[in-house]
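Asks: What follows is a single structure, and I will ask about it in a moment.
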Amino acid sequence: HSLRNIDELCSSIVRSHRETSQYRTEELLALRWKLFSREEIQAYQSKSVDEMWQHCAIRLTDAVQYVVEFAKHIPGFRILSQNDQIALLKTGSMEVVLVRMSRLFNRENNTVFFDGKFAGTEVFKSLACGDLITAVFDFAHGMCALKLTEQQIALFTALVLINADRPCLEDRGRVQRVQRSVELGLAHILHRDNQDSLMHKLYQRMSVLRSLCGLHMEKLRWFSQRYPLTAHSLFPPLYKELFT
Ligand SMILES: CCS(=O)(=O)c1ccc(CC(=O)Nc2nc(-c3ccccc3)c(C(=O)c3ccccc3CC(C)C)s2)cc1
């Protein structure tokens, strides 16, 4: 790995992160204080469980769509087999969405960007999965505390996605080689930013992410047992494809 092609790898990952971030951080920071009114919060809280789940699943699927685009622009990702690309997206796309979402988290009033404004946990009450919501907010809080730059987020999310430990990979060796180059890219960026100490913190975040996504899958299983019709016919196809 000459330094030149690590540099090239980093810039192509940062470029595809920029091109596939649904919202640019700066435009969202302008919205930071746009909160839901009492009436709007009431409206969310009076939705039925399956209505609110469906509403969220649609927004989550939008965000996942951009992650799929991001993955397709990562040089090493494209050379993997179709099946390995699907396997990595199946287990990694939600994790990438959660990392990306945390850049739009306002730590001052503990709100996350949702449906065009910033929402506190009370907005998600009718989902009936308070522990998942608390865990998502706590994770976002922890990510914000690291104050990652967009470039660091780009390399970190590429590493979250290209993970050779994922289940049912056909060519684990090839994924390992791509993962290694992305790891070198992240280490290069952190060294350049004089923040080598962040690396082990990011690895800790990755294990929190894994348990958080496990909780999301567990809640989704609970939901689809209780509301099979909604889960099977009203959820977006991509959501079903990736999360069930
Ligand atoms: C991710 C790319 S981005 O450009 O940063 C971006 C792009 C778009 C948005 C707007 C957006 O869709 N925000 C959503 N927020 C939440 C949410 C919800 C509960 C707590 C915290 C955030 C969504 C969810 O549906 C969600 C997310 C994580 C776990 C669980 C759920 C709900 C389950 C039941 C489907 S969607 C935000 C950020």
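Asks: Cα to Cα, under 21 Å, and not fewer than 8 places away if on the same chain: which lysines meet these conditions relative to Lys47?
Replies: Excluding near neighbours in sequence, the set is Lys117, Lys125, Lys219.
Asks: Moving to a separate point now. Rounded to the nearest 500, what is the 222 nm mean residue ellipticity of the chain from helices alone, with -39500 (n - 2.57) per DSSP H run of 4+ residues and division by all residues? Walk me through the numbers on the way to the answer.
Replies: Details: 11 runs with 163 residues, N = 244.
Theoretical 222 nm ellipticity from helices: -22000 deg cm²/dmol.
Asks: Moving to a separate point now. Would you mind getting me the FRET efficiency between Glu27 and Cys168? Use the beta-carbon distance for r and R0 = 51 Å, nearest 0.05.
Replies: 0.85
Asks: Now for a separate question. Of Trp222, Trp33, Trp53, which has the most accessible area and how do the rest follow, probe 1.4 Å? The partial results should precede the final answer.
Replies: Numbers: Trp222 80, Trp33 150, Trp53 10 Å².
Highest to lowest solvent-accessible surface, that is Trp33, Trp222, Trp53.
Asks: So for the stretch 47-87, Kirkwood radius off the Cα pairs, Stokes-Einstein at 25 °C and 0.890 mPa s: how many µm² s⁻¹?
Replies: 206
Asks: Which shape class, rounded, prolate or oblate, goes with the chain when its Cα gyration tensor gives a ≥ b ≥ c as root eigenvalues, a/c under 1.5 marks rounded, and past that a/b bigger than b/c marks prolate?
Replies: Here the chain falls in the oblate category.
Asks: Report the full-extension gain for the segment Lys240 to Glu69: residue separation times 0.36 nm, less the Cα-Cα distance, to one decimal in nm.
Replies: So the chain would gain 59.8 nm between Lys240 and Glu69.
Asks: Compute the length gained on full extension between Arg4 and Lys47: take 0.36 nm times their separation in residues and subtract their Cα-Cα distance, giving the result in nm to one decimal.
Replies: 10.1 nm
Asks: Sticking with this structure for a sec: For Cys144, Cys10, write out the residues from largest to smallest accessible area, computed with a 1.4 angstrom probe and no ligands counted.
Replies: Result of the area sort, largest leading: Cys144, Cys10.
Asks: Cα gyration tensor of the stretch 133-177, axes a ≥ b ≥ c as square roots of the eigenvalues: rounded (a/c below 1.5), prolate (a/b > b/c) or oblate?
Replies: oblate
Asks: Just by accessible area at a 1.4 angstrom probe, what is the order of Thr91, Thr230 from largest to smallest? Can you show the working numbers first?
Replies: Working: Thr91 45, Thr230 10 Å².
Output order, biggest surface exposure first: Thr91, Thr230.
Asks: For the stretch 80-160, what D do you get in µm² per second when you plug the Kirkwood radius from alpha-carbon pairs into Stokes-Einstein at 25 °C and 0.890 mPa s?
Replies: Reported coefficient: 177 µm²/s.
Asks: Using alpha-carbon pairs under 8 Å, 6+ residues apart, how would you state the relative contact order of the chain in percent?
Replies: Reported relative contact order: 28 percent.
Asks: Oh, and also: Please list, by residue number, everything in the stretch 1-28 whose backbone N is under 12 Å from a paramagnetic label point 7 Å out along Cα→Cβ of Arg180.
Replies: 1, by backbone N distance to the label point.
The values are calculated or read from the model by the stated rules, or taken from the named source; none is laboratory data. Remember, predicted model here, so these are calculated numbers, not experimental data. Note: ideal-geometry Cβ built from the backbone for every residue, glycine included; neighbour counts use all protein chains shown. The protein model used for the area step is the full one, side chains on, heavy atoms only, and it has no ligands, DNA or RNA in it. Shrake-Rupley method; radii C 1.70, N 1.55, O 1.52, S 1.80 Å.
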